Amino acid sequence: MALTGRAALLAALGSLPVGILEPSWTGMLAVNGALGLACAVDYALAAPVRSLIFTRSGDTSVRLGEPAEVHLTVANPGARPLRARIRDAWPPSSWLPGTETGASRHTLAIPAGERRRITTRLLPTRRGDRRADRVTVRSYGPLGLLTRQGTHTVPWTVRVLPPFTSRKHLPSRLARLRELDGRTSVLTRGEGTEFDSLRDYVPGDDTRSIDWRATARRHKVAVRTWRPERDRHILICLDTGRTSAGRVGDAPRLDSAMDAALLLAALASRAGDRVDLLAHDRRTRAQVQGRAAGDVLPAFVNAMATLEPELVETDARSLVSTILRNAPRRSLVVLLTGLDAAPTEEGLLPLLPLLTQRHTVLLASVADPRVEEMTRSRGTLDAVYEAAAGTQSQASRRRTADQLSRHGVHVVDATPDTLAPALADAYLSLKSAGRL
Amino acid sequence: MTAPDPSTPDTAADAPRPAPHTPAPPGARHGAPPADTPPPGAPGPDGVRAPSAAAGNGLPRTSPGDPAPRTAPGAATRTAAPAATPAALWRRGRGFLICLGILLVAAVTLAALASGSRHGRLDPRSADPDGSRAVAELLQARGVTTRVVTTAREAAAAAGPDTTLLVTNPDLLGESQLRAIRSAIDLSGGRTVLLAPGSPSLPDLAPAARTKGTALDQDLDPGCALPAAVSAGRAGTGGEHRYTTDGATGTACYPSGGHPTLLVLPTGTTGGDTVLLGSETILLNRKLASEGNASLALQLLGSRPDLVWYLPSLADAQDEDPAQEQSFLDLLPHGWSWAFLQLFVAAALAALWRARRLGPLVTEKLPVAIRASETTEGRARLYRKAGARDRAATVLRAAARERLAALVGVPPAQAHDPAALLPAVSGRLTERQQDLTALLFGTTPATDAALVALADHLDALEREVRTS
């Protein structure tokens, strides 16, 4: 039950007859009694809310930054026509700030026994699952004085996926991949290459790749060609601990790391490698294993959608043991974590030999452009101290990266917008060198 | 390094919002931020504060606001207001100024026009044509002292057996003033002169007299035995009120059409009298010289040694009896209190209308919002607080040496070795031979300005090597 502004206005206008014609309790009673009677009649004539039937349809997942449409079908089985205002409530981050009210309210009229469909457009501002809250209906009578109001629960979930903004870098990296791949066979041979085909020797070829047995058979000098080995295993490991919560620019580090992981997964699955995902801090938050090449990206995006940085220190020991468990044979382990001195030196560094003795380890970290900007500030005393502090923290990152490199870890340290292509390039160079 | 005052208690307070449970580490109190570890008191190496787990992860979201990462304050306000040039200010303000000018001119004109001749009317200090300074001067020359009062209370207090009370405009008086004057008339025993009293004041001040139409002629003949009238002769008492009396107690003079325009009534038992003068004309400066006006005025007002000249004013109104004041509600017709009651009902209904929401608020968990650069900024503030010029200079020099070593082809391992770096760098410099040793390997800058200059000099050196 809810009053309308019209009822209040009528009550205010009622002060004229009370003041002029009948200034007494009788006048008050006459005016308010008439108003109350009108309200009661109006309430009785409004279509009931409880008997309405709701069904939902529409988008179930959407990339962050793109609009989603969710339809709500309202059926009016009663005998009275429904004139109503409906609020389709979603969590606040389902809309841009300031547009919630306009986007969630709908006005509609449904004749008796018919149904209508309304569409709620969502524009989520964060990753994760958005669950529909209640649907509130305010049903107006013919006079518009007193309304019936009630709520229904109509469940629906829209999963907001990571935006994968770095997919613009994919075509150029795929072109480089094709150069490496069998279509243009490489002549350098390494650990991770496999025999591709024989062809005639041309001057300039590496004499070590001459296949003498084939040369003897064919009476022509033949060389073996090699191509990067396919079907390698790659384990992408997202650190969701507290270091991933810090915001760089406008997004947490975790989001930049996810973007880089998605580009790498897309590239590697096209290159014929098997890609797995592991998100871990103190325990495993998400895992994707053994997907076919065409299914990798959707599975990754789905698993990442609900990941949030946890405000706990990452347990390096459990992380390493989980990696070892999930990578039974020789793999490329891509660690997306921080390069901060204390947690790396105390946590990860002592355990690295366990990883590097069997796997190739690539560590990628999100650098902060703000620190870079601080190192260049000059002119005032505050600015110079800022520059000193920024230089100090950059030096400490570099020192940590050097320590890791000495343990045989490949380190990629880049700002959010360059991390994804830098990681893809690092993967390609490892692959071309046959070191997977 | 300049050792900061160890008694300074708030050195640790400069750390970026330290975790509440973290005890202030001793390093902070010594004012020396360590080089390799994050600033003491800082929450963690990455600016992530563990205690916010509870606050940030568990709080329901009740407002539709954004998680809003902290942005630079004032960024929005800086772009909001356009530059205010004098021309723009003039364009914006000229309409207002023109309006103000028109208003001023209109006000002055109206005031000049409206002041008119009523200004200072019957005022014994006014020399205007309608003032009465001439009479006052003449009276003073004859030894009568004139005192001007503006309130009825003062007038009543000043009245006595030896005074003449002149009431210049009795019709303007309110109820309480009339009472005060009436009691003065009754008790003083002196003379009271009422100038042109009309029907509003006569019943109170002179119950025995009533107005009787208008005297048409301006100048009238005495027509009575009153010595003052006889000696004055023809005078300008006509043009306004004529009077009539109930009894035959008073002296009636200057009749116009059978009814007098000057009436002298004896009052009370103390020997006083009340003079009703049908017109105030004889007291005006411009009329004083005509006919017998001056003589009549002097004799009527100069019969006692003191003259109290009562000019009713606005200040009089404040002497009103507070019991007479009516509140706003008393002035409203009776029925409107019921209408107000009905309006309260309407207001209550409106409140109910606005209070009812279309469904409850939706809550949502908010993510934490911490800038990754927070620790680095905290470290910069710690340096500033501690005045750590030595630390800052060391860091800046080391970074510059590493970059220079890369530029001039010295291996990174030897970048901090003067013997390897200095010759290589000076070989690339052409024009100036500055003191490279002091710049790259020197001592702590002595002042803050020297530190700022050091940073600039390092930049300049690097630029020069880069462009050579």
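The values are calculated or read from the model by the stated rules, or taken from the named source; none is laboratory data. This one's a predicted model, so the numbers in the text were calculated from it and none came from an experiment. Using ideal geometry, Cβ is built from the backbone for each residue, glycine included, and neighbour counts are taken over all protein chains shown.
Of the residues that make up the range B:380-393, is at least one surrounded by 13 or more Cβ atoms within 10 Å (Cβ to Cβ), under 60 Å from the mean Cα position of the chain (by Cα), part of a loop (DSSP other than H, G, I, E, B) and not basic (Lys, Arg)?
Our first condition is that a residue be surrounded by 13 or more Cβ atoms within 10 Å (Cβ to Cβ); within the range B:380-393, this holds for B:380-393.
With the extra rule that they be under 60 Å from the mean Cα position of the chain (by Cα), the set shrinks to B:380-393.
When the remaining residues are screened for being part of a loop (DSSP other than H, G, I, E, B), the result is B:387-388.
Keeping just the survivors that are not basic (Lys, Arg) gives B:387-388.
Yes: the range B:380-393 contains one or more residues that are surrounded by 13 or more Cβ atoms within 10 Å (Cβ to Cβ), under 60 Å from the mean Cα position of the chain (by Cα), part of a loop (DSSP other than H, G, I, E, B) and not basic (Lys, Arg).
Among the residues of the range A:247-288, what is the count of those that are within 12 Å of chain B (Cβ to nearest Cβ) and without any contact (Cβ under 8 Å) to a residue 24 or more places away in the chain?
2
For the range B:225-262, which residues satisfy the criterion of being under 54 Å from the mean Cα position of the chain (by Cα) and of a type in the set (A, V, I, L, M, F, W, C)? First the steps, then the outcome.
Of all residues in the range B:225-262, those under 54 Å from the mean Cα position of the chain (by Cα) come to B:236-243, B:261-262.
Hit for the range B:225-262 is B:Leu262, nothing else.
Looking at the structure I just gave you, is B:Thr71 closer than 30 Å to B:Leu366 by Cβ, over 27 Å from the mean Cα position of the chain (by Cα) and at pLDDT below 85? Let's see the steps before the verdict.
Values: closer than 30 Å to B:Leu366 by Cβ: yes; over 27 Å from the mean Cα position of the chain (by Cα): yes; at pLDDT below 85: yes.
Criteria met by B:Thr71.
So, in the range A:68-94, how many residues would count as being within 8 Å of another protein chain (Cβ to nearest Cβ) and either β-branched (Val, Ile, Thr) or touching a strand residue (DSSP E or B) at 6+ places or on another chain (Cβ under 9 Å) (or both)? Please lay out each step first, then the result.
Of the residues in the range A:68-94, the ones within 8 Å of another protein chain (Cβ to nearest Cβ) are A:85, A:87, A:89-93.
With either β-branched (Val, Ile, Thr) or touching a strand residue (DSSP E or B) at 6+ places or on another chain (Cβ under 9 Å) (or both) added as a condition, the list becomes A:85, A:87, A:89-91, A:93.
Count: 6.
Of everything in the range A:268-281, what is surrounded by fewer than 24 Cβ atoms within 10 Å (Cβ to Cβ) and over 20 Å from A:Arg325 (Cα atoms)? Give them in sequence order.
A:Ser269, A:Arg270, A:Gly272
Tell me, please, whether a residue that is facing chain A (nearest Cβ under 8 Å) and closer than 30 Å to A:Gly19 by Cβ can be found in the range B:380-397.
No.
Need the failing condition index for B:Asp219 against (1) crowded, with 16+ Cβ neighbours inside 10 Å; (2) under 29 Å from B:Ala156 (Cβ atoms); (3) not β-branched (Val, Ile, Thr), just the number.
Only one criterion in (1) crowded, with 16+ Cβ neighbours inside 10 Å; (2) under 29 Å from B:Ala156 (Cβ atoms); (3) not β-branched (Val, Ile, Thr) is unmet by B:Asp219, namely (2).
Within the range B:337-376, which residues are farther than 30 Å from A:Val18 by Cα, more than 7 Å from chain A (Cβ to nearest Cβ) and of a type in the set (D, E, K, R)?
B:Arg357, B:Lys365, B:Glu374, listed by residue number.
Let me confirm something: among B:Thr249, B:Thr261, B:Thr244, which residue is free of Cβ contacts under 8 Å to residues at least 60 places away in the same chain and either out of contact with any strand residue (DSSP E or B) (no Cβ under 9 Å at 6 or more places or on another chain) or outside any strand (DSSP E or B) (or both)? Please lay out each step first, then the result.
Numbers: B:Thr261 fails: either out of contact with any strand residue (DSSP E or B) (no Cβ under 9 Å at 6 or more places or on another chain) or outside any strand (DSSP E or B) (or both); B:Thr244 fails: either out of contact with any strand residue (DSSP E or B) (no Cβ under 9 Å at 6 or more places or on another chain) or outside any strand (DSSP E or B) (or both).
Only one candidate passes the filter, namely B:Thr249.
Which one of these does B:Leu458 not meet: (1) under 60 Å from the mean Cα position of the chain (by Cα); (2) at the interface with another protein chain (Cβ under 8 Å from one of its Cβ atoms); (3) among the aliphatic types (A, V, I, L, M)?
(2)
Conditions first: (1) within 29 Å of the chain's Cα centre (by Cα); (2) more than 14 Å from chain B (Cβ to nearest Cβ); (3) over 18 Å from A:Val333 (Cβ atoms); (4) in contact (Cβ under 8 Å) with a residue 40 or more places away in the chain. A:Thr225 passes all but one, so which condition is the exception?
With respect to (1) within 29 Å of the chain's Cα centre (by Cα); (2) more than 14 Å from chain B (Cβ to nearest Cβ); (3) over 18 Å from A:Val333 (Cβ atoms); (4) in contact (Cβ under 8 Å) with a residue 40 or more places away in the chain, A:Thr225 is out only on (1).
Take the residues in the range A:21-62 that are assigned to a loop (DSSP other than H, G, I, E, B) and β-branched (Val, Ile, Thr); name whichever of them is nearest to the other protein chains (Cβ to nearest Cβ).
Pass one, the range A:21-62, residues assigned to a loop (DSSP other than H, G, I, E, B): A:21-24, A:46-52, A:59-60.
If we keep only those that are β-branched (Val, Ile, Thr) as well, we get A:49, A:60.
Details: A:Val49: 12, A:Thr60: 19 Å.
Only one residue fits best here, namely A:Val49.
In this structure, is B:Gly189 in the same structural domain as B:Lys287 (by TED's automatic domain parsing) and more than 49 Å from the chain's Cα centre (by Cα)? Break it down into steps so the answer makes sense when it comes.
Details: in the same structural domain as B:Lys287 (by TED's automatic domain parsing): yes; more than 49 Å from the chain's Cα centre (by Cα): yes.
Judged against the criteria, B:Gly189 is a match.
How many residues are closer than 30 Å to A:Leu423 by Cα and at pLDDT below 85 if we restrict to the range A:193-240?
So the first thing to find is which residues in the range A:193-240 are closer than 30 Å to A:Leu423 by Cα, and the list is A:193-196, A:225-240.
So of that shortlist, the ones also at pLDDT below 85 come out as A:193-196, A:225-231.
Residues flagged as closer than 30 Å to A:Leu423 by Cα and at pLDDT below 85 within the range A:193-240 amount to 11.
I'm trying to understand the selection: among the residues of the range A:214-231, which are touching a strand residue (DSSP E or B) at 6+ places or on another chain (Cβ under 7 Å) and not in a strand (DSSP E or B)? Full working, then the answer.
Looking only at the range A:214-231, we keep the residues that are touching a strand residue (DSSP E or B) at 6+ places or on another chain (Cβ under 7 Å), and these are A:214-215, A:220-229, A:231.
Once the filter is applied, which keeps residues that are touching a strand residue (DSSP E or B) at 6+ places or on another chain (Cβ under 7 Å) and not in a strand (DSSP E or B), the range A:214-231 yields A:Ala214, A:Thr215, A:Lys220, A:Val221, A:Glu229, A:Asp231.
With (1) crowded, with 16+ Cβ neighbours inside 10 Å; (2) within 14 Å of chain B (Cβ to nearest Cβ); (3) part of a loop (DSSP other than H, G, I, E, B) as the list, and A:Arg291 as the residue in question, which single condition is left unmet?
(2)
Return yes or no: is A:Ser377 surrounded by fewer than 24 Cβ atoms within 10 Å (Cβ to Cβ) and among the polar types (S, T, N, Q)? Write out each step before concluding.
Working: surrounded by fewer than 24 Cβ atoms within 10 Å (Cβ to Cβ): yes; among the polar types (S, T, N, Q): yes.
When the stated conditions are applied, A:Ser377 passes them.
Would you point out the residue of the range B:314-336, among those that are more than 7 Å from chain A (Cβ to nearest Cβ), in a loop (DSSP other than H, G, I, E, B) and exposed (fewer than 12 other Cβ atoms within 10 Å of the Cβ), that is modelled with the lowest pLDDT? Break it down into steps so the answer makes sense when it comes.
Taking the range B:314-336 and keeping what is more than 7 Å from chain A (Cβ to nearest Cβ), we get B:314-333.
Checking which are in a loop (DSSP other than H, G, I, E, B) leaves us with B:320-321, B:325-327, B:332-333.
Then drop every residue that is not exposed (fewer than 12 other Cβ atoms within 10 Å of the Cβ), which leaves B:321, B:325-327, B:333.
Values: B:Asp321: 51, B:Glu325: 59, B:Gln326: 64, B:Ser327: 71, B:Pro333: 74.
Among those residues, the one meeting the criterion is B:Asp321.
Look at the range A:251-272 and say how many of its residues are within 14 Å of the chain's Cα centre (by Cα) and not aliphatic (A, V, I, L, M). So that I can check it myself, show each step before the final result.
Residues of the range A:251-272 within 14 Å of the chain's Cα centre (by Cα): A:251-263.
Checking which are not aliphatic (A, V, I, L, M) leaves us with A:252-253, A:255-256, A:259.
Count: 5.
Quickly run through the range A:132-144 and pick out the residues that are over 18 Å from A:Thr73 (Cβ atoms) and more than 10 Å from chain B (Cβ to nearest Cβ).
Hits for the range A:132-144 are A:Tyr140, A:Gly141, A:Pro142, A:Leu143, A:Gly144.
Restricting to helices (runs of 4 or more DSSP H) lying wholly in the range A:322-436: which have 3 or more residues that are away from chain B (no Cβ under 14 Å) and modelled with pLDDT of 90 or more? Let's see the steps before the verdict.
Numbers: elements: A:352-356, A:369-375, A:381-406, A:416-432.
Output list reads A:352-356, A:416-432.
What are the pairs, 6+ residues apart or on separate chains, where a residue within the range A:108-123 that is within 15 Å of A:Gly78 (Cβ to Cβ) has its Cβ under 9 Å from a residue that is outside any strand (DSSP E or B) and polar (S, T, N, Q)?
Pairs that qualify, where the first residue is within 15 Å of A:Gly78 (Cβ to Cβ) and the partner is outside any strand (DSSP E or B) and polar (S, T, N, Q), are A:Ile110/A:Asn76; A:Pro111/A:Asn76; A:Ala112/A:Asn76; A:Gly113/A:Asn76; A:Glu114/A:Asn76; A:Arg115/A:Asn76; A:Arg116/A:Asn76.
What is the one condition in (1) surrounded by fewer than 20 Cβ atoms within 10 Å (Cβ to Cβ); (2) farther than 30 Å from A:Ala383 by Cβ that B:Ala406 does not satisfy?
Condition (2) is where B:Ala406 drops out.
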